[in-house]
Amino acid sequence: MRYQHGGRLHAACQSYGGTPEQWVDLSTGIAPWAYPLPRVPESVWQRLPETEDGLIDVAARYYGVCPTECLAIPGSQWAIEQIPYCYSNRLVVLMLANGYSEHPRAWRNAGHHIIEVTDINELIAQSPNCDACVLIQPHNPLGIVLNEMQLQQIKHNLRQGIIVIDEAFADSRPNPTLPLAMNTWKLRSVGKFFGLAGIRLGFVLATRAQIKQLSLRQSPWSVSNLARWAGKLALNDTAWQAQQASRLQQQSQCLTTSLADHGITPTIQTDYFVTIVSEQHREWEEMAAHSQLLLRHLPAIHSLRLGLPAQEKEWNRLRQWLSQLKQVS
C-alpha cells in the first residue's frame, strides 16, 4: 500500500478486504484513548461558534502564553497551509527530510524554495543560507528532538529569522522550545495527545501581531462550536492530562518490550509511536495488511511506524503479526 498519511482504513479495506470494524489500525500517532467527553448539549449543535466563549483563555493558560498570542484553528493542518502565505517574498525554507509531507508541500505551493537535509548537523550548517526553517519537535516519524541551544542557534542563523515549530506531539512531556518572538510560530494540536483528531482543533502560538495577521486569513466560524466546547473541557482537565501522559509513556514501553520479545528492536521510540527500520519493510507491511493490521509504511526511510495498541484485540493482532515475522525470518 502507498498512502500519503496514516488512518486510511477504508482504502485498506478496498485493497485487502474486510470491514473497518474487522481491522486494527495502528497507522496513526493519535493517542488510543480519547478524552472522555460527556453528552453534547443540544445548544452546542444549535448555536453558531462564538469567539468570546472562553476557549482562548483556557488554551492560553494550558500553553503558557497570553490570550493575544493564541489563535484557535480548525486543526494544525490549516496553519501549515496558511502560514507560508503570510510571506510575500520568495523564501528559502529549510527543513529535515522525511517528515510530515504537508510542510514542504505547503511552502512549495506558496512559491517558496525548499531545502531538505537529513540530520541536525546539516540543518544547523545550512541555516545561514536560508530565510526560514520548519521543525517538527519532536519529529514525526524520526523522533528527533532538538535542544534549546540548537533551536536558538538555528533561529539566530536564519537570514530572516523565520521559524515554524510543529509541536503536535509535545503534550506528553516537557519539550525544548523557543520563547515567542517576531517570526516564531508554534503549532499545537488537540488531536494527538487528547485523542480527538476528529474534531479538527488546533492552536497557533505567536506574537500578537502575527496572530492578528494570520486571523485575517480565517473565515467566520472556521472552528466549529463542537470543537470549541470539547476543547475547553479537555484543556481544563489537568487530572486527566496527567493520567494520559503517564499511560502513553507506559504503553510505549510495553510496545517496545513486546517487539523485543519477538526479536525486533525499534529504531525510534516516542510516547505515541515506534518506528522500525528494516530492509524487509515492504514484506512486513504486506503481511500485516493481509492480517487486517494497518501500519504506516514509510518507504523513503525503509521503515514501518506503529502506533500504540490499547485494547486486547489490538494487542492480539499485533502479536499474531509479530509471530508471523518470527516464523519467516
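Details
- Breaking point among (1) more than 24 Å from I165 (Cβ to Cβ); (2) at pLDDT below 95; (3) under 21 Å from the mean Cα position of the chain (by Cα), for H5: (1)
- Selection status of T51, touching a residue at least 60 places away in the same chain (Cβ under 8 Å) and among the polar types (S, T, N, Q): no
- Any hit, the stretch 149-172, residues being loosely packed, with under 13 Cβ neighbours inside 10 Å and in contact (Cβ under 8 Å) with a residue 12 or more places away in the chain: no
- In the stretch 208-229, the residues that are over 19 Å from A168 (Cα atoms) and part of a loop (DSSP other than H, G, I, E, B): L216, R217, Q218, S219, P220, W221, S222, S224
- Residue match in the stretch 26-49 (condition: under 20 Å from P309 (Cβ atoms), of a type in the set (D, E) and either surrounded by 18 or more Cβ atoms within 10 Å (Cβ to Cβ) or over 21 Å from the mean Cα position of the chain (by Cα) (or both)): no
- Residue satisfying condition, being buried (at least 16 other Cβ atoms within 10 Å of the Cβ) and closer than 17 Å to A79 by Cα, within set R217, R247, R208, R200: R200
- Some residue of the stretch 101-113 being hydroxyl-bearing (S, T, Y), surrounded by fewer than 21 Cβ atoms within 10 Å (Cβ to Cβ) and more than 23 Å from R296 (Cβ to Cβ): no
- Enumeration of residues in the stretch 51-66 that are surrounded by fewer than 16 Cβ atoms within 10 Å (Cβ to Cβ) and either in a helix (DSSP H, G or I) or of a type in the set (S, T, N, Q) (or both): T51, D57, R61
- Filter result (at pLDDT 95 or above, polar (S, T, N, Q) and over 14 Å from Q126 (Cβ atoms)) within the stretch 138-171: N147, Q152, Q160
- Of all the residues in the stretch 222-265, those that are among the aromatic types (F, W, Y) and in contact with an Asp or Glu (Cβ under 9 Å, 6 or more places away or on another chain) number 1.
- Number of the condition not met by R188 [criteria: (1) under 21 Å from the mean Cα position of the chain (by Cα); (2) surrounded by fewer than 20 Cβ atoms within 10 Å (Cβ to Cβ)]: (2)
The values are calculated or read from the model by the stated rules, or taken from the named source; none is laboratory data. Please read all numbers here as calculations on a predicted model, not as lab measurements. With ideal geometry, Cβ positions are generated from the backbone for all residues, glycine too; neighbour counts draw on all protein chains shown.
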